[in-house]
Structure formats: C-alpha cells, structure tokens
1. Just check the chain against the gyration tensor rule for me: Cα atoms, a ≥ b ≥ c as the square roots of the eigenvalues, rounded for a/c under 1.5, and otherwise prolate or oblate depending on whether a/b exceeds b/c.
2. Give the aspartates and glutamates reachable from K202 as a straight Cα distance under 13 Å; neighbours fewer than 8 places away on the same chain don't count.
3. Let me know the volume per residue of the alpha-carbon convex hull for the range 275-407, in Å³.
4. Full-extension gain between T104 and D209, please, as 0.36 nm times their residue separation minus the C-alpha to C-alpha distance.
5. Once Rh for the range 116-272 is found with the Kirkwood sum over Cα pairs, what is the Stokes-Einstein diffusion coefficient at 10 °C and 1.306 mPa s, in µm²/s?
6. Could you work out how far apart the two model spin labels at K85 and K255 are, taking each label as a point 7 Å from the Cα in the direction of the beta carbon, and quote it in nm?
7. Can you return the aspartates and glutamates within cross-link range of K100? Criterion is Cα-Cα under 17 Å, with same-chain partners fewer than 8 residues away left out.
8. Taking Cα pairs under 8 Å and at least six residues apart, what relative contact order does the chain come out at, in percent?
Amino acid sequence: MHNAGQNKHVQRSIRNGGPSVTRRSLLRATTGGALTLGGAATLSACGIPAAKNTAGVDSDDHSAKEKRISFSNWTEYMDVDDSEKRHPTLDAFTKRTGIKVKYTEDINDNVEFFGKIKPQLAAGQDTGRDLICVTDWLAARLIRFGWVQKLDPSNLPHAYANLSQQFRNPDWDPGRAYSYPWTGISTVIAYNKKALDGVEVKSVSDMLDNPKLKGRVGFLSEMRDTIGMTLLDLGKDPAKFTDDDYDAAIARLQKAVDQGQIRRFTGNDYTADLTKGDLAACIAWAGDVVQLKADSPDVDFVIPDSGYMTSTDNLLVPNKARHKTNAERLIDYYYEPGPAAQLAAYINYVCPVDGVKAELAKIDEDAANNPLIIPDAAMAAKSRSFRSLSTKEETAYEEKFAKLTGA
C-alpha cells in the first residue's frame, strides 16, 4: 500500500520535471495570495453590477436529453491512471450513469478564472460550464452576486448525509445551499527537525519569539492564512475578529519583520527552503506537507493548541448551465465513500466526506491514517475558518498586509 503512494509522488515528479505541483502550489505560485489589493480594485472597477442577494437563476435543464457535463477544475486535482491519460473515477461515473464528462483543467488562479467567466455571468449568459471548482472567498462572491444556482437536495442524498460536520455551515453559504466542498485545505506549522536542532516549535509564538530561530522562520503571502494563524495565537477567533484584532495581528508580525525574525513571506516556494533547512519552521499547507514528508524524513508538522486555519475549494453550478441535474449527480457521486477515497488517495488534501477511512485504507493505509487527509475528531475540532469580508474590508486588509509583506 505504502509503496503505491510513494510511486505516485515519484511519477508526478518525473512528469513535472521537479517536485510535484499540487493544485494549491500552483495557485499560490501564480497569485501570491487569493486576492491582492490590485485584484480587489480590479473586481470593483471592471463593470460588475452591485452585489445582489438574489438566488441563482434557474435555467432550462437539458440533463434528461443531453447526457453530458462540462466540468472546469484545477490541474493535478483529479485522480489519473498509470498512463496519466484517464481519470478512473470519472470513467466509472460515465459507465454507471451514461453521462459523459468533458473535464477541463482550465483554472490556474481564482482571479484569472473569475475574469474569464464574469462577462457571460454578468450578461445572464451560459458560461459553457455546468460545474466549476473555486476557493471559498470566490464562491462567496459568486453566491452574493446571484450568479450560481441553488442546488436540489433531492439529487444530493450522499452529499447531504456524508458531508463532514466541520464543513457544513460556512458563513457565506449556511447549510450548503449553493456549494459542496471538493477538498479542504488546512494550514499548519511545518518544521525541519534537523534545522530546529532541539528547539521546540508548537505555536506561532514559538516561531515569532525564539531568538534561536531568527531569520529562519517563514510565513505565507496569503493573507487569510498568515493573519488567521496569528489571530488564533492571540486568542482571537478568525470567524469573528474586529478591525482592532486585525491590526494587533499585523503589529505582532511587523515587530518580527523589524527584528529579522521572519526570513520572508512565501508562496509555495517555502517547500524547497524547508526541505533544505534554510527555514527551520514555517506556516504551510497540509497538501504540500503530506508530499514533503513522503520525500524528506526531516520534515514534520504540528497543530497548535490554539487551532489552525481551514479553507475549501468548492463545487458550484453557474447560472444558465445546461446540465444542472447531471452536475448535481456528479457532486453526489464524489460523496460516496468509494470515489471519495480514490480521489483523496491521489490528491492528498483534506477529504470532506465522512465514512471514507475504511475505503481509503484499502488503497493506501498511510493516507487513511494521516490526519492531514482524514482529520480525527480532535483535529477537526481545532479547525477554524476566516470570516467573509466586505469589499471595503477586503481592500483595507489587503493593503495593510501588502505593506507588511513588502508586496
């Protein structure tokens, strides 16, 4: 079992000509953060109508006559077979239902993808896509604009029953009326045992305050992750913080920057620094840590007692999609333990499906026992989400964060 998982990492590395590029790595390497200040300004200046709290517009559903779906996703975010040409879970879905899936990996970056689909959505037109996968802040925006369709629970029995408790009620889509998570993305503290040389790191405070780690600590260039982890360390809830709390987190980090404690704010490039030992400890994404641990015995992680940040990538049906029912059937399929396990074994992110552990153990026992893929109850209880921001807050917060990081 274990060797199959190891081989997968090797195969991906060979194909990419370097360390395997996860979906999250790609996002971070290209955007340096979910929504930069320029991104926020651009969104408000590019002719988007004022946000409306209207439900998504139902379209004529051609699912019964047209047995197909168009699904847009990120790269490296679907299981593949040894030839790297087939997607076994999608093939099994087609065999069972007769519904053909046009699967396209055309999402590299949330802001860029939003720019691609915005003109049609704003004009009330079909984007040509029945199912899209976007990160929670963009999912929240699409719902707020009324640009995605409300899902029909009668087509989602497995999803409704098997969605993990920790993902059921995001403040931007309570009860998951419009979206279901594809994966969870956990933010943890990763460290290099050799580089730490006996220094203990169990919290953000340990990273910021221990002089033995000066210049060997890394934080992320993604505002929600870095500020979220710092807020937790300050005893604040990222789901409920105030402007003053945010400023306190910025000040805490600024002090560490001024003292040379923080080496730098990174995108995904922290992985090379951590493996080499240039970074002794850093804020990291769990999907990367799973792969780094498989390749480097010195790399490990810790969940602070104060908690950790979790975000999600989410499946939504855009307005005017021609095959809504077919799309809902595909969402539901990935909430069955079998397909969910196959997907989790390949992509190594947090599986949002309850009851998947036994199925995953049949494929890869290490993955089934890895709390970064299947969080146990204690870990799930420590998960926290960053609250939704108004456009005004988003602009102000990103500006302060850009100043801190020198972006």
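The values are calculated or read from the model by the stated rules, or taken from the named source; none is laboratory data. Note that the structure is a prediction, hence the values are computed from the model and not measured. Cβ: placed from backbone, ideal geometry, glycine included. Neighbour counts: every protein chain shown. We work out accessible area using only protein heavy atoms, side chains counted, and drop any ligands, DNA or RNA first. Shrake-Rupley method; radii C 1.70, N 1.55, O 1.52, S 1.80 Å.
1. Values: a/c = 1.89, a/b = 1.28, b/c = 1.48.
Oblate is the answer for the chain, as a/c is 1.5 or above yet b/c matches or exceeds a/b.
2. By straight Cα distance, K202 reaches D233, D300, D305.
3. Numbers: hull volume 23.0 nm³, N = 133.
Once divided by residue count, the hull of the range 275-407 is 173 Å³.
4. On the way: separation 105, 0.36 × 105 = 37.80 nm, distance 4.58 nm.
Taking T104 through D209 to full extension adds about 33.2 nm, to one decimal.
5. Working: Rh = 18.8 Å.
Calculated translational D: 85 µm²/s.
6. 6.0
7. D61, E66, D79, D91, D130, E328, D332
8. On the way: 731 pairs, mean separation 109.6, N = 407.
Once divided by the residue count of the chain, the mean separation gives 27 percent.
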